[in-house]
């Protein structure tokens, strides 16, 4: 957990807290979320029962551009793109088809794309934004927190504001003053509640 | 003659010698798997003849090991089929038990998770009761386990081995009345069991299951069964040939005091009842043939000697 600045699990049962710390670590690792979470505080009280997760996200500004995963080789009348991995190949082709039409884009094999007589310079092609991983971040984080929370806790309240997030779950109706508890947990991390 | 459960592993070449030998010695083969060039036989053999089987199978590079779980059907009771419990730990445990010869079925509860909302319905209860033993996989919090276990064990008549996050001593303290076995520090986790300490935990579960089953075996031995369930396998296979067309991996599942026949009850119950054992004694006289709650299968419960006065 080197990349997460603050990571605590608070629970009246010491052993339970230890297990949940392990679960949270495994789930965030599996979902590739460790590098985007900056601070995370989990509070579980099985007696109430309630599960609260509050935290802070790092700012992600990295957008994936064509140049990040492909080499653009300009030749006469055409450009050959050699990609190293296929992760973003499908969204890239979709953008090319829309921008240059299908007859100017050819894909002879898995790792090669050829553009014929396109009205763009190699630099412009390299700068095209293909994907923005931060778009699905909140969705992924909610899914991960649902995996971490005990399964029976099906009544949930999720709040995501910019870089701060709150996830509260219980099997009973959530208390009206749940905000106080959430604010308290944010203060434990040394943060102001959203 | 005491029959003991063992696993034979060896090459496929001339393995029929071993099969014939086991049958000639009066043993029974419960399951036979052929995996590529290897044969795995799960069988019951007379205790005094194990050395003989070892000797004869030595030139074939065969290996005979004790597997106390052969001939048992175990219910692995998972609280749900959600990502929270699957594939770890439920599948890991079910698979490990299977590796030692047991037939394990995963019973997942419709309303298992949670504390107040947890419940067990009649179908789940009956399905669990059709097994030899139930292994309950609980969560990490003692508060929740203490609260929900009275609901989840209501009506369960088979021995229960309870696995949970808290320590074994804590589990023993909070479960009242006590269950038959406890394994602590195995709650919910989200990683594959592959490290040495995790595998040691799985072994601990196996030891606990074996201990509880051993106790059950002793109970059965006090009032022996009218017929040995593994013996019925061969008889049913001969006299109800339709069982050979069933594609399920174990069309006849041997239990400690019975047998699950994976044929529809309505069509085949009468035929199974009429299976002749020897000297004109039929299966219907020494066993109850009941409809199973698992699909439309037949469950055969062999009656003890005290009830039938017959021993074949």
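The values are calculated or read from the model by the stated rules, or taken from the named source; none is laboratory data. Computed from a predicted structure; not experimentally measured. With ideal geometry, Cβ positions are generated from the backbone for all residues, glycine too; neighbour counts draw on all protein chains shown.
Got a sec? Which of B:50, B:22 is free of Cβ contacts under 8 Å to residues at least 40 places away in the same chain, within 16 Å of residue B:5 (Cα to Cα), outside any loop (DSSP other than H, G, I, E, B) and not assigned by TED's automatic domain parsing to the domain that holds residue B:259?
B:22
Out of all the residues in the stretch A:43-55, is one or more more than 30 Å from residue A:177 (Cβ to Cβ) and touching a residue at least 12 places away in the same chain (Cβ under 8 Å)?
No, there is no match, as no residue in the stretch A:43-55 is more than 30 Å from residue A:177 (Cβ to Cβ) and touching a residue at least 12 places away in the same chain (Cβ under 8 Å).
Testing residue B:3 on (1) on the phi > 0 side of the Ramachandran plot; (2) surrounded by 14 or more Cβ atoms within 10 Å (Cβ to Cβ), one condition comes back false. Which one is that?
(1)
Residues checked against (1) at negative phi; (2) in contact with a strand residue (DSSP E or B) (Cβ under 8 Å, 6 or more places away or on another chain):
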| site | (1), (2) |
| --- | --- |
| A:71 | yes, yes |
| A:75 | yes, no |
| A:80 | yes, yes |
| A:86 | yes, no |
| A:93 | yes, yes |
| A:104 | yes, yes |
| A:109 | yes, no |
| A:112 | yes, yes |
| A:117 | no, yes |
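Identify, please: which residue in the stretch B:6-19 is out of contact with any helix residue (DSSP H, G or I) (no Cβ under 9 Å at 6 or more places or on another chain), touching a residue at least 24 places away in the same chain (Cβ under 8 Å) and farther than 22 Å from residue B:217 by Cα and is, among those, surrounded by the fewest Cβ atoms within 10 Å (Cβ to Cβ)?
The extreme case among them is B:12.
Among the listed residues B:35, B:29, B:53, B:17, which satisfies the condition of being more than 18 Å from the chain's Cα centre (by Cα) and closer than 23 Å to residue B:98 by Cα?
One residue alone meets the criteria, B:35.
If a residue must be within 16 Å of the chain's Cα centre (by Cα) and assigned to a strand (DSSP E or B), how many such residues does the stretch A:159-175 contain?
7
Can you tell me which residue in the stretch A:121-154 is surrounded by the fewest Cβ atoms within 10 Å (Cβ to Cβ), limited to those that are more than 14 Å from every other protein chain (Cβ to nearest Cβ) and touching a helix residue (DSSP H, G or I) at 6+ places or on another chain (Cβ under 8 Å)?
Per the stated criteria, the residue is A:127.
Looking at B:170, B:179 in this structure, which one is crowded, with 17+ Cβ neighbours inside 10 Å and either more than 14 Å from chain A (Cβ to nearest Cβ) or assigned to a strand (DSSP E or B) (or both)?
So the residue among B:170, B:179 that is crowded, with 17+ Cβ neighbours inside 10 Å and either more than 14 Å from chain A (Cβ to nearest Cβ) or assigned to a strand (DSSP E or B) (or both) is B:179.
Output yes when any residue across the stretch B:108-124 is assigned to a helix (DSSP H, G or I), touching a helix residue (DSSP H, G or I) at 6+ places or on another chain (Cβ under 7 Å) and either buried (at least 19 other Cβ atoms within 10 Å of the Cβ) or within 14 Å of another protein chain (Cβ to nearest Cβ) (or both), and no when none is.
Within the stretch B:108-124, none of the residues are assigned to a helix (DSSP H, G or I), touching a helix residue (DSSP H, G or I) at 6+ places or on another chain (Cβ under 7 Å) and either buried (at least 19 other Cβ atoms within 10 Å of the Cβ) or within 14 Å of another protein chain (Cβ to nearest Cβ) (or both).
Do you know which residues across the stretch B:59-85 are more than 11 Å from chain A (Cβ to nearest Cβ), within 21 Å of residue B:160 (Cβ to Cβ) and in a loop (DSSP other than H, G, I, E, B)?
Matches in the stretch B:59-85: B:68, B:69, B:71, B:72.
So residue B:227 ticks every box in (1) more than 14 Å from chain A (Cβ to nearest Cβ); (2) over 30 Å from residue B:281 (Cα atoms); (3) in a loop (DSSP other than H, G, I, E, B) but one. Which box is left unticked?
All conditions are met except number (2).
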